[in-house]
Amino acid sequence: MDLNIIRHIIRFIILIALQVVIVNQFYLGGFITPFIYPIFILLLPFSVNGSVLLLSAFAMGLSIDMFSDTMGMHTAATTFMAFMRPSIIRFVSGKTDFDAGTEPNPVNNGVVWTLIYSLILILIHHTFLFFIEAFRTDDFVHIIIRSLLSGIFSTALIMIIYLLISKKSRAAK
Amino acid sequence: MRNLFNFIARHYFFFLFVALQVIAFAMIFQNNFYQRSAFVNSSNYIAGNIYNLRSNITNYFNLKQINEQLAHQNTVLLESIPGTFLQTDQQIFTLSDKQYRKQFSYYNAKVINNSVRNRNNYITLNKGRIHGIKPDMGVITPQGVIGIVKEVSGNFSSVISLLHSDVQISAKIKKNDQLGTILWEGYDYKKATMLYIPPHVQLSHGDTIITSGFSSIFPEGIMIGTIAEYEIKRGDNFFTIDLDLSVDFNKLNFVYVVSNIYKEELTDLENITQN
């Protein structure tokens, strides 16, 4: 159990570093701005306590905000995404009971399941974020297209990270 | 009362979510309305040092380009040295001599973090309060205007880029001194918009836009960009001008922070007149 918490904390730090130092430099065609840090929320175990889920999302968003001068925007988007996570899991898999401690990943749940689950939550996160960032609704179409393209790109990056992580845990078993 | 507590306890997930959202939005509004982010911004100690480390590494790859920029700037400086000085006592000395008093002083700084992809972009510099940087100073490069200092910590400062919805810069067309306002409408970091040029003014593609010097933040004559497109939108009384920015915001290295020595005197005087 303690080992798991330490693993999540290390993941937390590595993801922030990756996002801030590398992924934040991506600027593809003026439209696509990927974010990989939400995979931290995606990877929390199914049985995670509700307040732990929300508070860790809050901490994650705040850390990213601190590094990108966005003040509260990532915090709001990530917390919203964490709030939606239980409903999305129920929606995607139609059940609520999972083995305690299992994490959502392609090895446990299959590639298709993970892809749908991640894509929906990432799109929720990106759309929420880009709407707060613009703070107006007059260029609705522009924001929607930007969220879609960025969301798809982020999900692709996140699927790669899933594969890297779950390969390692399978080897550990 | 007990029922209320029970209700909250049963739906703690929802109420915690609402509480966290309220905190997040409070931060967003506070930052947007007061331009204040005393604690959580990238001029804080940890973020500043991480960005400093990254830019120390990446800077080696840009050395050639930086050298070219510096050489170019040296030639420009040699040609235009008196440009930043205020002329005084004109009436007495016009014929034989002119007296200048220094109006602007410059600090050099290095960009250690920068973004062009958001609606509101910020830049972090490696100089701060102990080097003499203060909020509301202008930031320029030899190529043109960069932004305005927003917050300073001891060793770092956080700059609002020209690519930000709150930035409006007083500018003029170089060839005929017509005054307008520069702002950024998002989407493309190579473009900006100029407003409030009346329709009788003759414009042509490629006209140079420079700072007006009226804002007390930037000296007069700092390059901003060149005219790419212009039109009068239906129902408007003014031109809407699209500019090509002269600065490549995606490639910032070394910048200058401009301090106007007479800024307080100017703003005090203007406040008295306006109130």
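The values are calculated or read from the model by the stated rules, or taken from the named source; none is laboratory data. Keep in mind that what you see is a predicted model, and the values were worked out from it rather than measured. All Cβ positions, glycine included, derive from the backbone under ideal geometry; neighbour counts span all protein chains shown.
Would you be able to say whether some residue in the stretch B:215-233 is touching a Leu at 6+ places or on another chain (Cβ under 7 Å) and charged (D, E, K, R)?
Checked the stretch B:215-233: no residue is touching a Leu at 6+ places or on another chain (Cβ under 7 Å) and charged (D, E, K, R).
Mind telling me which of the residues A:GLN25, A:GLN19 ends up being among the polar types (S, T, N, Q), in contact (Cβ under 8 Å) with a residue 24 or more places away in the chain and either more than 7 Å from chain B (Cβ to nearest Cβ) or over 22 Å from A:ASN105 (Cβ atoms) (or both)?
On the way: A:GLN25 fails: in contact (Cβ under 8 Å) with a residue 24 or more places away in the chain.
Selected residue: A:GLN19, the only one of A:GLN25, A:GLN19 that is among the polar types (S, T, N, Q), in contact (Cβ under 8 Å) with a residue 24 or more places away in the chain and either more than 7 Å from chain B (Cβ to nearest Cβ) or over 22 Å from A:ASN105 (Cβ atoms) (or both).
Only helices (runs of 4 or more DSSP H) wholly contained in the stretch A:65-156 count here; list those with 3 or more residues that are of a type in the set (A, V, I, L, M, F, W, C). Before you say what the answer is, go through the steps one by one.
Working: elements: A:73-93, A:106-109, A:111-134.
So the answer is A:73-93, A:111-134.
Any idea which residue in the stretch A:1-51 is farthest from A:MET159 (Cα to Cα), counting only those that are in a loop (DSSP other than H, G, I, E, B) and hydroxyl-bearing (Ser, Thr, Tyr)?
Of everything passing the filter in the stretch A:1-51, A:SER47 is farthest from A:MET159 (Cα to Cα).
Which condition number does A:THR75 fail, the rest of (1) facing chain B (nearest Cβ under 10 Å); (2) under 20 Å from A:ASN108 (Cβ atoms) being met?
Status for A:THR75: all satisfied but (2).
In the stretch B:228-241, what count of residues is obtained for those that are under 17 Å from B:ALA171 (Cα atoms) and in contact with a Ser or Thr (Cβ under 6 Å, 6 or more places away or on another chain)?
Number of matching residues: 0.
Would the stretch B:130-139 turn up any residue that is modelled with pLDDT under 90, in contact with a Phe, Trp or Tyr (Cβ under 6 Å, 6 or more places away or on another chain), buried (at least 21 other Cβ atoms within 10 Å of the Cβ) and not in a helix (DSSP H, G or I)?
Looking through the stretch B:130-139, none of the residues is modelled with pLDDT under 90, in contact with a Phe, Trp or Tyr (Cβ under 6 Å, 6 or more places away or on another chain), buried (at least 21 other Cβ atoms within 10 Å of the Cβ) and not in a helix (DSSP H, G or I).
Being within 14 Å of chain A (Cβ to nearest Cβ), in a loop (DSSP other than H, G, I, E, B) and crowded, with 23+ Cβ neighbours inside 10 Å is the filter here, so list the residues in the stretch B:154-206 that pass it.
Matches in the stretch B:154-206: B:PHE156, B:LEU163, B:TRP184.
Could you tell me whether A:ASP139 is closer than 28 Å to B:ILE123 by Cα, surrounded by 20 or more Cβ atoms within 10 Å (Cβ to Cβ), within 14 Å of another protein chain (Cβ to nearest Cβ) and free of Cβ contacts under 8 Å to residues at least 12 places away in the same chain? Outline the logic, then answer.
Details: closer than 28 Å to B:ILE123 by Cα: yes; surrounded by 20 or more Cβ atoms within 10 Å (Cβ to Cβ): no; within 14 Å of another protein chain (Cβ to nearest Cβ): yes; free of Cβ contacts under 8 Å to residues at least 12 places away in the same chain: yes.
Taking the combined requirement at face value, the residue does not satisfy it.
Just give me the residues in the stretch B:160-214 being modelled with pLDDT of 90 or more, closer than 25 Å to B:SER115 by Cα and among the small types (Gly, Ala, Ser), in sequence order.
B:SER161, B:SER170, B:ALA171, B:ALA192
Considering every residue within the stretch B:49-57, establish whether at least one is modelled with pLDDT under 65, assigned to a helix (DSSP H, G or I) and on the phi < 0 side of the Ramachandran plot.
no
Find all pairs meeting these conditions: Cβ atoms under 7 angstrom apart; at least six residues apart or on different chains; first residue within the stretch B:13-25 and facing chain A (nearest Cβ under 7 Å); second residue outside any helix (DSSP H, G or I).
Listed pairs, sorted by first residue: B:ALA24/A:GLY72; B:PHE25/A:GLY72.
Name the single residue that is surrounded by the most Cβ atoms within 10 Å (Cβ to Cβ) among those in the stretch B:246-268 being of a type in the set (S, T, N, Q) and part of a strand (DSSP E or B).
The qualifying residue surrounded by the most Cβ atoms within 10 Å (Cβ to Cβ) is B:ASN260.
Take A:ILE32 and tell me if it is β-branched (Val, Ile, Thr) and within 12 Å of another protein chain (Cβ to nearest Cβ).
yes
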